[in-house]
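As structure tokens, the structure follows; a few thoughts come after it.
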């Protein structure tokens with residue numbers, strides 16, 4: 001019997017779509033490009049979902065009403081959002097967690113060091129990989145066919161329909177050349193197709209189209225499988241693109257992070273506690289502009305614009321133990337010139353930077369929990385908060401590089417998650433997140449969009465396929 | 001004794017160093033915080049010394065939940081495996097804190113230790129039983145003390161049990177002294193409750209993982225059966241001792257007497273519990289533990305099963321000709337168990353209990369770290 005719903009992708013959005021479609025009675029298959037051990041895409045690196053709620057709900061404190069949620073979204077996207085779709089996502093986020101629990105997802109109060117999210121974000125017990133595991137178990141018990149090592153290398157279109165997906169060899173899963181013809185191993189037909197195969201952030205040659213050679217110095221925080229092949233195929237087949245193709249979410253992470261899958265631990269949280277210099281030993285931005293959780297996402301871009309896409313966050317012992325422990329130990333020295341040598345930045349220039357910074361610090365009352373009055377005077381760029389002199393050894397320095405979280409380019413969908421221009425194609429997750437999140441980011445919204453649109457896509461795809469099955 | 005208590009672990013072992021590496025990465029992630037006590041305890045630290053690793057490793061109940069949830073588990077290049085790293089450190093700690101220290105090496109050769117203990121116990125029990133035939137033994141009567149007089153039993157088993165308690169007490173003191181435990185009152189009750197309910201053997205609610213990533217409460221329930229079965233058997237022996245010395249009532253006791261009821265119930269629970277644990281252990285995903293500890297785990301649980309099973313067999317056969325043989329087998333397994341107690345997996349409960357007490361005391365003191373929101 002022909003499949004009702006074929007889901008392309010193996011992360012959160014794909015799983016939500018597959019589960020909902022199977023619950024509706026559809027015969028479902030899910031294609032995951034990776035093997036069993038690496039399944040789940042970028043979802044395995046997530047940790048929470050942003051949920052609207054009008055009163056305290058189990059792990060969520062106080063209230064987070066629809067309008068406030070939408071305001072937050074408007075603020076980060078600077079208005080680049082589809083209000084109808086955004087509000088649909090926000091509203092449904094208030095009730096999706098019981099369904100998630102039903103499929104084995106467990107929640108916990110916000111993690112140590114993340115109290116600022118306890119009102120807005122529900123944390124997954126064990127993180128995103130535990131969520132992904134729960135969904136795969138549930139998918140197995142619902143009879144969903146799961147194919148690992150099944151990268152889709154081409155979509156077979158007939159008019160406004162995609163009639164089949166062509167699966168390549170497992171080795172095609174992390175190939176960058178998304179327009180080349182790869183050998184086809186299997187052709188799979190289905191009545192409806194759900195595409196939830198992510199963005200193209202793992203495809204460094206593609207990133208260089210927007211960023212030039214700088215992109216070769218980027219690190220990818222998520223999996224190596226998001227090469228954007230299905231995204232490109234879909235756009236080439238006539239889907240309407242949405243989202244700036246040159247933009248990606250980039251944070252400053254430890255330069256020693258692995259090329260892929262560095263995830264959460266590679267972040268460096270001491271930027272606001274010290275100064276940041278480039279390889280010339282010079283400061284280039286106000287490290288104390290705002291609270292770190294509100295600013296960490298601009299530092300990827302800032303570092304990307306520095307020579308060699310490398311910078312150093314430098315602190316003294318006053319900062320030790322005041323920030324989330326970094327995964328790699330910093331370079332350490334008892335004197336600043338020695339530290340500069342270890343950082344391989346010009347000692348003279350570095351010392352000049354530190355000395356003029358130290359001389360400009362206005363004494364104040366240091367308090368990292370508020371926008372305090374410790375700031376500099378008379379230097380550019382200024383450090384507007386938490387400015388303390390770098391004077392207490394040992395000194396430490398952490399190297400920074402841009403870490404890419406996701407890309408914004410996607411396909412336009414309607415409120416049924418249907419890809420505009422196609423009759424039987426639905427999209428969910430990162431590949432359509434740009435409809436709601438045109439730029440910027442607010443913690444946990446990726447999982448919200450993936451979960452809600454995954455469920456919508458699964459429901460509509462199943463309904464369409466089952467309606468066709470009924471007359472026969 | 002003073003010499004024995006003056007004990008220091010000098011260097012960090014490779015297993016502890018691997019544990020410290022793993023904890024360093026976990027401490028930057030913290031996604032597993034809700035699974036058990038290990039992660040909240042970890043979050044109170046920034047670096048992990050040898051004693052910290054002994055503490056965290058013994059706090060770990062090896063539920064395995066964090067392995068499958070880990071985004072950095074193999075094939076990731078960080079290759080994190082918290083349950084395995086902790087298991088390796090635990091075994092080392094059993095050996096390191098053992099008293100006398102030289103017997104700690106029995107942990108390296110558990111199959112050998114088990115065989116020696118059994119052979120030795122059989123030899124002793126059979127020699128004593130044979131030597132006494134025709135002397136104090138009353139022929140023809142179905143009395144346990146016809147096989148071995150009560151006083152002899154008390155001397156043999158009392159001394160081996162006393163030695164086991166002494167050895168484990170020294171080990172416990174050695175461990176406790178290494179740990180800088182906050183002197184914080186009020187945590188004992190919580191600790192006893194956490195131990196009695198196996199609070200941290202639930203993977204954060206849904207249970208342990210065994211063959212795959214599906215959580216299950218089976219191990220917790222089977223451990224409860226084994227543990228409470230063991231306590232019931234201990235209670236049975238204690239009541240029988242009171243009967244003997246307090247009232248002069250001699251064994252064997254009636255089927256409906258308190259010692260027999262407690263012992264039977266305890267024996268059945270222990271048999272079911274240990275048999276179940278054995279099956280789970282054999283089927284368990286080997287990545288979740290230290291493959292080298294298979295003999296230690298299986299040997300210990302099998303011995304517990306044998307103790308309980310031979311006890312039940314004795315109860316059934318005590319009025320038959322086979323009573324003598326079954327009593328000798330039961331006594332020998334019990335003696336082997338007593339002898340091995342301080343040098344077997346039995347001590348996991350000891351160190352884990354102390355680690356839990358330390359954890360609950362720690363949790364009552366403010367976190368020494370004031371980390372920025374990240």
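Read-outs: derived from the displayed coordinates by stated rules, not from any lab. All of these numbers come straight from a predicted model, not from anything done at the bench. With ideal geometry, Cβ positions are generated from the backbone for all residues, glycine too; neighbour counts draw on all protein chains shown.
Taking a point 7 Å from the Cα of residue A:58 along the Cα-to-Cβ direction, the residues of the range A:16-30 with backbone N closer than 20 Å to it are A:16-17, A:19-20. At q = 0.11, 0.14, 0.15, 0.21 Å⁻¹, what is the log10 ratio I(q)/I(0) for the range A:84-205, with the Debye formula run over Cα points and no solvent? For the range A:84-205, the Cα-only Debye profile gives -0.61, -0.92, -1.00, -1.23. Among A:50-62, A:200-212, sorting by the average number of other beta carbon atoms lying within 10 angstrom of each residue, highest first, gives A:200-212, A:50-62.
Peptide A:259-270 has a mean of 4 when you count, residue by residue, the C-beta atoms of other protein chains within 10 Å of its C-beta. FRET efficiency for the pair residue B:193 and residue A:84, taken as 1/(1 + (r/R0)^6) with r the Cβ-Cβ distance and R0 = 51 Å, rounds to 0.45.
On the beta carbon distance between residue B:249 and residue B:320, with R0 = 22 Å, the FRET formula returns roughly 0.45.
Inter-chain neighbour count for B:203-212: the average number of beta-carbon atoms from partner chains within 10 Å of each residue's beta-carbon is 2.
Between residue A:298 and residue A:95, the distance separating the two model label sites (each 7 Å from Cα on the Cα→Cβ line) works out to 4.0 nm. Spin-label pair residue A:420-residue B:177: with each label point 7 Å from Cα along the Cα-Cβ axis, the two points sit 7.7 nm from one another. The translational diffusion coefficient of the protein assembly as shown, from Stokes-Einstein at 37 °C and 0.692 mPa s with a Kirkwood hydrodynamic radius over alpha carbon pairs, comes to 109 µm²/s.
Its Cα gyration tensor gives the range A:214-270 an equivalent ellipsoid. The semi-axes, each the square root of 5 times an eigenvalue, are 28, 12, 9 Å from largest down. Descending by average beta-carbon neighbour count within 10 Å, the peptides B:206-218, A:411-423, B:178-190 line up as A:411-423, B:206-218, B:178-190, the highest first. With neighbours defined as other Cβ atoms within 10 Å of a residue's Cβ, the residues B:200, B:243 order from fewest to most as B:243, B:200.
Could you work out the mean projected area of the convex hull around the alpha carbons of chain A, in square nanometres to one decimal? Display every interim value, and only then the final one.
On the way: hull surface 87.8 nm².
Over every viewing direction, the Cα hull of chain A projects on average to 21.9 nm².
Within the protein assembly as shown, what percent of beta bridges assigned by DSSP are antiparallel, to the nearest 5?
Approximately 75 percent, going by the DSSP bridge assignments.
Rounded to two decimals, the Cα-based Rg/Rh of the range B:98-361, with Kirkwood Rh, is 0.99. The calculated pair-distance distribution of the range A:41-84 uses every alpha carbon pair, bins of 5 angstrom beginning at 0, and gives 5, 18, 20, 18, 20, 17, 1 percent. Cβ-to-Cβ counts within 10 Å put B:309, B:161 in ascending order as B:161, B:309, the fewest first. Mean sequence separation of contacting Cα pairs (under 8 Å, at least six apart), scaled by the length of the range B:150-231, corresponds to a relative contact order of 12 percent. Which shape class, rounded, prolate or oblate, goes with the range B:2-96 when its Cα gyration tensor gives a ≥ b ≥ c as root eigenvalues, a/c under 1.5 marks rounded, and past that a/b bigger than b/c marks prolate? Taking the square roots of the gyration eigenvalues as a ≥ b ≥ c, the range B:2-96 is prolate. To the nearest ten degrees, helix B:218-242 and the longest principal axis of the Cα atoms of chain B are 40 degrees apart. Computed from the alpha carbon atoms alone, the convex hull of the range A:15-131 holds 138 Å³ per residue. Other protein chain C-beta atoms within 10 Å of residue C-beta, averaged over A:324-337: 3. Diffusion coefficient (Stokes-Einstein, Kirkwood radius over C-alpha pairs, 37 °C, 0.692 mPa s) for the range B:251-374: 187 µm²/s, rounded to a whole number.
Each Cα pair under 8 Å and six or more residues apart adds its sequence gap; the mean of these over the residue count of chain A is a relative contact order of 23 percent. With a Förster radius of 25 Å applied to the beta-carbon distance between residue A:379 and residue A:75, the computed FRET efficiency rounds to 0.25.
Taking other C-beta atoms within 10 Å as the exposure proxy, A:64, A:148 rank A:148, A:64 from fewest upward. For the range A:251-403, what class follows from the C-alpha gyration tensor (a ≥ b ≥ c being the square roots of its eigenvalues): rounded when a/c is under 1.5, otherwise prolate if a/b is larger than b/c, else oblate? The shape class here is rounded.
Distance between the modelled labels on residue A:176 and residue B:150, one decimal in nanometres: 8.6 nm (7 Å Cα→Cβ projection).
Would the range A:323-379 count as rounded, prolate or oblate if I go by the C-alpha gyration tensor, calling it rounded below 1.5 in a/c and otherwise prolate when a/b exceeds b/c, oblate otherwise?
Oblate.
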